[in-house]
Amino acid sequence: MYTIWYALNTRRWHTQISGPTVKMETLQETHVPVAFVSVEGEPETALDNIYDGMQDFNWSPNGEARDIIGESGCYHTSMSIGDVIVSEDEDGNAWEVLDYGFGKITKEAVFA
């Protein structure tokens, strides 16, 4: 199971990202949870599948997510740069969507 967190201020991320910038201790201030998804497989495959599934034409082809997105305070339906995927397993691993692929949010990045 994974929790999908969308960035509240997407302009912050549009000029980057080559490595994770999100800090887990401030995630609730900078992002909002928009979905819980269950995906099988190793993280690398699961992350790609989640990203594909969270594109608006897949999870909201007829605008079903507009109300969820509007009420959440974020303004993008498709998963994009700066959004975060958090594993709900015992490790609680998290990844940030980068320009190309994903960056694992490490303990060092979280508490730096």
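The numbers here are math on the coordinates, done by the rules we state, and not lab data. What you see is a predicted model; the values in this text were computed from it and never measured. Counting neighbours? That spans all protein chains shown, and the Cβs are built from the backbone with ideal geometry, glycine included.
Pulled fully out, how much extra length does the chain show between residue 100 and residue 38, if you take 0.36 nm times their separation in residues and subtract their Cα-Cα distance?
On the way: separation 62, 0.36 × 62 = 22.32 nm, distance 2.30 nm.
20.0 nm is the gain from fully extending residue 100 to residue 38.
Taking the Cβ-Cβ separation of residue 57 and residue 1 as r and a Förster radius of 30 Å, what is the calculated FRET efficiency to the nearest 0.05? Numbers along the way, then the final one.
Working: r = 24 Å, r/R0 = 0.79.
Step by step, r from the Cβ atoms, then E = 0.80.
Per residue of the stretch 66-75, what does 6.51 cos²θ - 1.76 cosθ + 1.60 with θ = phi - 60° give for ³J(HN,Hα)? Whole Hz please, x for Gly and Pro, Karplus curve as stated.
4, 5, 4, 5, x, 6, 7, x, 9, 10
Given +1 on the Cβ of Lys and Arg, -1 on the Cβ of Asp and Glu, and no further charges, what dipole in debye does the stretch 27-112 carry about its Cα centre, rounded to the nearest 20? Spell out each step's value before the answer.
Details: 3 positive and 18 negative charges, 55 e Å.
It comes to approximately 260 debye.
How much FRET efficiency would the formula 1/(1 + (r/R0)^6) give for residue 66 and residue 91, where r is the Cβ-Cβ distance and R0 is 25 Å, rounded to 0.05? Walk me through the numbers on the way to the answer.
Values: r = 34 Å, r/R0 = 1.35.
Once the sixth-power term is evaluated, E becomes 0.15.
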